[in-house]
1. Which of 22, 216 comes first, and how do the rest follow, when ranked by fewest Cβ neighbours within 10 Å?
2. Grab the beta carbon distance between residue 52 and residue 229, set R0 = 35 Å, and tell me the FRET efficiency rounded to 0.05.
3. If each residue of separation counts as 0.36 nm, what is the full-extension length gain between residue 161 and residue 277 once their alpha-carbon separation is subtracted?
4. Taking the Cβ of each residue in 6, 82 as the centre, tally the other Cβ atoms inside 10 Å and list the residues starting with the fewest.
5. Give the order of 10, 24 when sorted by the count of other beta carbons within 10 angstrom, beginning with the fewest.
6. How would you classify region 38-137 from its alpha-carbon gyration tensor, with a ≥ b ≥ c the square roots of the eigenvalues: rounded for a/c under 1.5, else prolate if a/b is greater than b/c, otherwise oblate?
7. Run through the DSSP bridge list for the chain and note the antiparallel percent, rounded to the nearest 5.
8. Assign one of three labels to the chain, namely rounded, prolate or oblate, based on the Cα gyration tensor with a ≥ b ≥ c the square roots of its eigenvalues; rounded applies when a/c is under 1.5, prolate when it is not and a/b is larger than b/c, and oblate otherwise.
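A short reminder: the numbers here are calculations on the coordinates, not readings from a lab. From a predicted model like this one, the values you see are computed outputs, not experimental measurements. Here the Cβ positions follow ideal geometry from the backbone for every residue, glycine too, while neighbour counts run over all protein chains shown.
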């Protein structure tokens, strides 16, 4: 069966459970911003000190706190990048996409279903406040399974006027909001210094229309920002706890969730942060 046929089958399956939801009537915004809640690399299913329910509770706690902190802004749209190693492995074979063995806390069916259902919980919470644009980004742990999860979500929300899901085939996703251009990629393949040129080459018309441009990546589990010819390449921190191997190796990073405030005309106005409470 071809990839296209599998994609259609998954989306059709999910659409059977997707009621038609009309666009929610909202008050007009005066100073509109897009609010990007970016929580990459949660590695759902990784074996560590938390069970799946605790992982889900922490994820939603961070989402709610970031939304609460943005109460003073006129949020016109939520941007929700998902994936970026949303799941810890490719499933039944318990390895990364390239084959590195992974220790899992649950079976592959439970982690797949648990992950996409967690994403629906977050999306449903956000869409009550503003329309949600979901950007599906595959990682190096879940390149295949994230595509399948993205298609489940695309089918689930296909009749919901408040949610748009971008699960297109490209590993790099682009998003345009006013004069802002964002590229989303996991960050494990491209060289950071090459990313601005990749943006301009792959989406020249969007590049020409916009004045403020950034690349947002996961992969490193820590915050790191560089600027190349006026374009920031931002590696975003993770809320994922360390597993035993990372503890033994001495790797440590602040478990932090961040959300970015995009003014339609003047670009990034800053970000808000929620630190995981342990």
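1. So the residues, fewest neighbours to most, are 22, 216.
2. Once rounded, the FRET efficiency stands at 0.25.
3. 38.3 nm
4. Exposure proxy ranking, most exposed first: 6, 82.
5. Working: 10 19, 24 13.
By the 10 Å Cβ count, ascending: 24, 10.
6. Working: a/c = 2.60, a/b = 2.05, b/c = 1.27.
Judged from the Cα gyration tensor, region 38-137 comes out prolate (a/c at least 1.5, a/b above b/c).
7. Close to 50 percent.
8. Taking the square roots of the gyration eigenvalues as a ≥ b ≥ c, the chain is rounded.
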